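Structure, as structure tokens:
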Amino acid sequence: MTVIPASLPAQALHVDWQTFTSFPAFQEHLQRTTALWRSQVRDALRLMALNGILDPLSGAVVPAAALRLNGPNYRETLEHNGCLSRHRAVLLVLQQLIAGGTLPPIQELELYCPEAVTPFAELLRRLFPRALLSEYLPDPADRRRRSLPHQDLCALSLPDACMDLVLCNEVFEHLYDLPAALAEMVRILRPGGQLLTTFPFAYNRIDTIVKARHRPGASPGVAAEAELLSEPEFHGNPVDPDQGSLVYQIPGWDLLDQARACGFLEPTIHWIAAPSYGVLGQEIPAVMVLVARR
């Protein structure tokens, strides 16, 4: 069933927003829609080229000429003002949570994001005065620690119940201990606080694809010390552009069970196909966002 939140502006007509709490329900969606994806992606690009998009937080019109398309992976491009397609999906969910009173207003929202040196991090600093941003710098001798806050999502140094929101972009696949990180995020969130996150998602399977494991006694998150279960895969990392970050896993739908086991309530995958907001996937017409409540 299509769900379009009531607080979206009237001009945002091209929005397909659905939620799923289980793999079987999503399988039904796949069976009904997969054959339509190619045409939906094509139509979304045409709509954006004709009309531009709306900023997901302010609703301001962004003309098509202001969008930068840097390659065929639309999820990772369609850039404007520090935001990619997947960023706008997260911000669209965030706007709805704030508008509905689930989260405090922007000026009061205490937000933690494990990202500090990207254009999106700069956007968060401008928009959210109480945002706390960090990077993962595992070497204690790393001089960048003098100017960049270091945090390990698997062992945060933050106090209990100190945040309203944890916002993670493309981090879960790189965590050497994903259940520990989920438990830590539960710990630092206040009751009713929210987790919003995107990650490479094995959306067509239940089981997580495990590509590497942390060795007992090894340095946390150090790729050279990990146990590799397949060919090593690295994704871009702005604080280590030469090597990137090792991929430990590609989460499947069992991530929802992991989140529940760690204390999250109602973990839900949001399917957001929204040309009106410049939200478009790669081979799929949507960006998928995990939303979970403390």
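Bear in mind that the values in this text are calculations on the coordinates, not laboratory data. Keep in mind that this is a model prediction, so the values were computed, not measured. Every residue, glycine as well, gets a Cβ built from its backbone with ideal geometry; the counts of neighbours run over all protein chains shown.
Structure remark: mean-square fluctuation, Gaussian network model of the chain, C-alpha springs under 10 Å; the largest value among 25, 64, 161 belongs to 25.
Please build a GNM for the chain, connecting alpha carbons under 10 Å apart, and tell me which residue among 231, 184, 135 fluctuates the most. In this elastic network of the chain, the residue with the biggest mean-square fluctuation among 231, 184, 135 is 231.
Distance from the alpha carbon centroid of segment 248-283 to that of segment 110-146 works out to 23 angstrom.
Cβ crowding within 10 Å, taken as a proxy for footprinting-reagent exposure, orders 16, 139 from fewest neighbours to most as 139, 16.
Taking other Cβ within 10 Å of each residue's Cβ, how do 162, 168, 113 sort, fewest first?
The fewest-first ordering by Cβ neighbours comes to 162, 168, 113.
With the convex hull drawn over the C-alpha atoms of segment 16-293, the volume per residue is 137 Å³. The charge dipole of segment 16-293, taken about its Cα centre with unit charges on the Cβ of Lys, Arg, Asp and Glu (plus for the first two, minus for the last two), comes to roughly 580 debye.
For segment 170-186, backbone nitrogen atoms closer than 18 Å to the point 7 Å from residue 76 Cα along Cα-to-C-beta are found at 170-175. Multiplying the residue separation of residue 260 and residue 58 by 0.36 nm and subtracting their alpha-carbon distance yields 69.4 nm.
Once the Cα atoms are used to define both axes, helix 85-99 deviates from the longest principal axis of the chain by about 80 degrees. Remark: segment 104-112, residue by residue, has Karplus-estimated 3J(HN,Hα) of x, x, 3, 5, 9, 5, 9, 10, 10 Hz, where x stands for each Gly or Pro and the curve is 6.51 cos²θ - 1.76 cosθ + 1.60 at θ = phi - 60°. Rounded to the nearest 5, the antiparallel percentage of DSSP beta bridges internal to segment 165-294 is 75%.
How big is D, in µm² s⁻¹, for segment 156-294 by Stokes-Einstein at 10 °C and 1.306 mPa s if Rh is the Kirkwood radius over C-alpha pairs? Answer, rounded: 99 µm²/s. Among DSSP beta bridges lying fully in segment 33-160, give the percent that are antiparallel, nearest 5. Counting only bridges with both partners in segment 33-160, antiparallel ones make up about 50 percent. Summarising the label geometry, the points placed 7 Å from Cα in the beta-carbon direction at residue 126 and residue 102 lie 2.7 nm from one another. In order along segment 233-245, the phi-based Karplus estimate (6.51 cos²θ - 1.76 cosθ + 1.60, θ = phi - 60°) of 3J(HN,Hα) comes to 10, 10, 10, x, 9, x, 8, 9, x, 6, 9, x, 10 Hz; Gly and Pro are listed as x.
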